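The values are calculated or read from the model by the stated rules, or taken from the named source; none is laboratory data. For clarity, every value in this text was computed on a predicted model and none was experimentally measured. So basically every Cβ, Gly included, is an ideal-geometry build from the backbone, and we count neighbours across all protein chains shown.
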There are 2 protein chains.
Amino acid sequence: MENPAKRILLTVAYDGSGYHGWQYQPNAITIEGTLNQALCALTGEKIQVAGASRTDAGVHALGNLAVFDTHSQIPAEKFSYALNQRLPEDIVIQDSQEVAPDFHPRRCVSRKIYEYTIVNRRFPLPEYRSTAHFEYGRLDIAAMQKACRAFVGEHDFAAFCSAGAQVQTTVRKIYSLEVAAIPFQTGTLPLQEDNSNGDRGQKITIRVQGNGFLYNMVRIIAGTLLEVGKGHIPPEAVEGIIASGDRGQAGPTAPAKGLRLVEIDICNNTRDIL
Amino acid sequence: MENPAKRILLTVAYDGSGYHGWQYQPNAITIEGTLNQALCALTGEKIQVAGASRTDAGVHALGNLAVFDTHSQIPAEKFSYALNQRLPEDIVIQDSQEVAPDFHPRRCVSRKIYEYTIVNRRFPLPEYRSTAHFEYGRLDIAAMQKACRAFVGEHDFAAFCSAGAQVQTTVRKIYSLEVAAIPFQTGTLPLQEDNSNGDRGQKITIRVQGNGFLYNMVRIIAGTLLEVGKGHIPPEAVEGIIASGDRGQAGPTAPAKGLRLVEIDICNNTRDIL
């Protein structure tokens, strides 16, 4: 007799560099397609995961979520280990656990955290070539931090949404938006008498928490903050750009490779972990 | 008439994952071979660089050094930009400058800095898959830090040298050896009721500065500190392991991918930057 079905929640980390995004495509390698394949190979069942966030090509994740139903006898918490044996090194399951049969990770997201990483220095660093955006010109961190304030709170973010997205509302709530810069310490310029006065540049992290994000919203926020950092947009102008609802006034969509889905929190009342 | 020859010093950063090490090999892709090709294509001359440190396959660098001679009219400080146009993304020249015609980066190294990186947590992180060693079991940082002390100073490091290396002496001086651990903050476990009590693990960096290192010496030091962290070697035993001169008593050679040549300092009296 068949085992009763159970629903498993996976926490999925991946380097998106080698993938055409999360969503399944018949003729391209995607995160979702790769997970489905590994699950079918592991269980012998035809399994299709349902993800919380359909990240774009080149975007990374530390904690995307996906659920699937299975009749397998494998204990829920063992799926992470069993799947990691079958997955490529650039996708690693971080956690697996059983959830209620009606649990869906898209239905009740209480908070998402994204980070956008910028390597800001004279020359790129090879190790960051697919996980950070490179920016040559020194960025004004204080101006970027000042510009962050206008984003926080509940706003209509129509100006920060790529065209073609079908959504009921473009109102979203941003809980926090922060810009942090850490100087690179050593190791790239061996001589004291170098051209750059010992300046090895800085790693800039834009970190945003919100109740949800429109299509390309975080990348357009990052692109706008980059324009502020370069002095092309004054930080005081950002409030008006948001109010305009005009995509043309915001900055460009920053490249995908700098973006990382860090964490998704599920509402307490639907967190029916069995 | 031909331009007079000049000697150029390059500071070279690379992700070594895709290379069979630094040293030229006729039938394998190496950092040195790739640099020679780019220089020949750029200048039209048959150029062979001479490197400061022949890193092994899979080892990374932020600041390796290389010199070459050229009759090119390209200004010394423009070579970095011109070469980066022709190099793959995993090799990036960080600096180029003219040096005295008899300057050689191997002749007078005053200090080298290496780092060894360990991702110490329940599951690997995809972004570190080729730039850090993964260790599942929680490592005892305090014990590793205690073990560091025995290495500092001038010692015969025969016990920390792979067989087959031809060197005049196995005496080297370590200026400092430090172990630092930074906890991973968020993003890998979305639910508060997870199995791991919210522990997302730690990124461990072993940083060593010395006047020179024997073949595999840093990786054997890292491998020994890993054994200390696991409780297999007590920190007090390290002094005796060094004194024994017996390779069999030290830990295993830690995997190449965790190792990074951070910086090479050149003696002041030979730093004849033109």
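So, of the residues in the range A:92-104 that are in contact with a helix residue (DSSP H, G or I) (Cβ under 6 Å, 6 or more places away or on another chain) and β-branched (Val, Ile, Thr), which turns out to be nearest to the other protein chains (Cβ to nearest Cβ)?
A:Val92
So B:Cys161 ticks every box in (1) surrounded by 16 or more Cβ atoms within 10 Å (Cβ to Cβ); (2) within 16 Å of B:Ile204 (Cβ to Cβ) but one. Which box is left unticked?
So B:Cys161 meets the others, but not (2).
Can you find even one residue in the range A:129-136 that is polar (S, T, N, Q) and part of a helix (DSSP H, G or I)?
Within the range A:129-136 (the criterion being polar (S, T, N, Q) and part of a helix (DSSP H, G or I)), the answer is no, since none of the residues qualifies.
Could you pull out every one of the strands (runs of 3 or more DSSP E) wholly within the range B:1-104 that has 1 or more residues that are crowded, with 22+ Cβ neighbours inside 10 Å, charged (D, E, K, R) and touching a residue at least 40 places away in the same chain (Cβ under 8 Å)? Don't jump to the end; show me each part of the working.
Numbers: elements: B:6-14, B:60-70, B:91-99.
Once the strands (runs of 3 or more DSSP E) in the range B:1-104 are filtered for at least 1 residues that are crowded, with 22+ Cβ neighbours inside 10 Å, charged (D, E, K, R) and touching a residue at least 40 places away in the same chain (Cβ under 8 Å), what remains is B:91-99.
Of everything in the range B:57-83, what is farther than 29 Å from B:Gln209 by Cα and among the polar types (S, T, N, Q)? Give them in sequence order.
Once the filter is applied, which keeps residues that are farther than 29 Å from B:Gln209 by Cα and among the polar types (S, T, N, Q), the range B:57-83 yields B:Thr70, B:Ser72, B:Gln73.
Please work out which residue is surrounded by the fewest Cβ atoms within 10 Å (Cβ to Cβ), limiting yourself to the range B:164-175 and to residues that are out of contact with any Phe, Trp or Tyr (no Cβ under 7 Å at 6 or more places or on another chain) and of a type in the set (Ser, Thr, Tyr). Can you show your working first?
In the first step, residues of the range B:164-175 are kept if they are out of contact with any Phe, Trp or Tyr (no Cβ under 7 Å at 6 or more places or on another chain); the result is B:164, B:166-169, B:171, B:173, B:175.
Next, only the ones that are of a type in the set (Ser, Thr, Tyr) stay: B:169, B:175.
Values: B:Thr169: 9, B:Tyr175: 13.
The qualifying residue surrounded by the fewest Cβ atoms within 10 Å (Cβ to Cβ) is B:Thr169.
With respect to B:Glu77, determine if the residue is within 14 Å of chain A (Cβ to nearest Cβ) and charged (D, E, K, R). Spell out how you get there, then give the answer.
Working: within 14 Å of chain A (Cβ to nearest Cβ): yes; charged (D, E, K, R): yes.
The answer is yes for B:Glu77.
Tell me yes or no: at least one residue of the range A:60-67 is under 20 Å from B:Pro124 (Cβ atoms) and out of contact with any Leu (no Cβ under 8 Å at 6 or more places or on another chain).
no
Could you list, in sequence order, the residues of the range A:126-142 that are among the aliphatic types (A, V, I, L, M) and in contact with a strand residue (DSSP E or B) (Cβ under 6 Å, 6 or more places away or on another chain)?
A:Ala132, A:Leu139, A:Ile141
Return the residue satisfying two criteria in turn: it lies in the range A:105-128 and is in a strand (DSSP E or B), within 11 Å of another protein chain (Cβ to nearest Cβ) and in contact with a helix residue (DSSP H, G or I) (Cβ under 8 Å, 6 or more places away or on another chain), and of such residues it is surrounded by the most Cβ atoms within 10 Å (Cβ to Cβ).
A:Tyr114
I want to confirm something. Restricting to the range A:138-180 and keeping residues that are part of a loop (DSSP other than H, G, I, E, B) and farther than 19 Å from A:Thr253 by Cβ, which single residue is modelled with the lowest pLDDT?
A:Gln168
When residues of the range A:181-223 are filtered for being more than 12 Å from chain B (Cβ to nearest Cβ) and modelled with pLDDT of 85 or more, how many remain?
Number of matching residues: 21.
Conditions: (1) hydroxyl-bearing (Ser, Thr, Tyr); (2) more than 10 Å from chain A (Cβ to nearest Cβ); (3) more than 30 Å from B:Pro235 (Cβ to Cβ). B:Tyr136 meets all but one. Number of the miss?
Here B:Tyr136 clears every test but (3).
Under 9 Å between Cβ atoms, at least 6 apart or on separate chains: pull out the pairs that start in the range A:170-184 with a residue that is closer than 10 Å to A:Val152 by Cβ and end on any residue that is in a loop (DSSP other than H, G, I, E, B) and not β-branched (Val, Ile, Thr).
Listed by first residue and then by second, the contacts come to A:Lys173/A:Asn211; A:Lys173/A:Gly212; A:Ile174/A:Phe157; A:Ile174/A:Asn211; A:Ile174/A:Phe213; A:Tyr175/A:Asn211.
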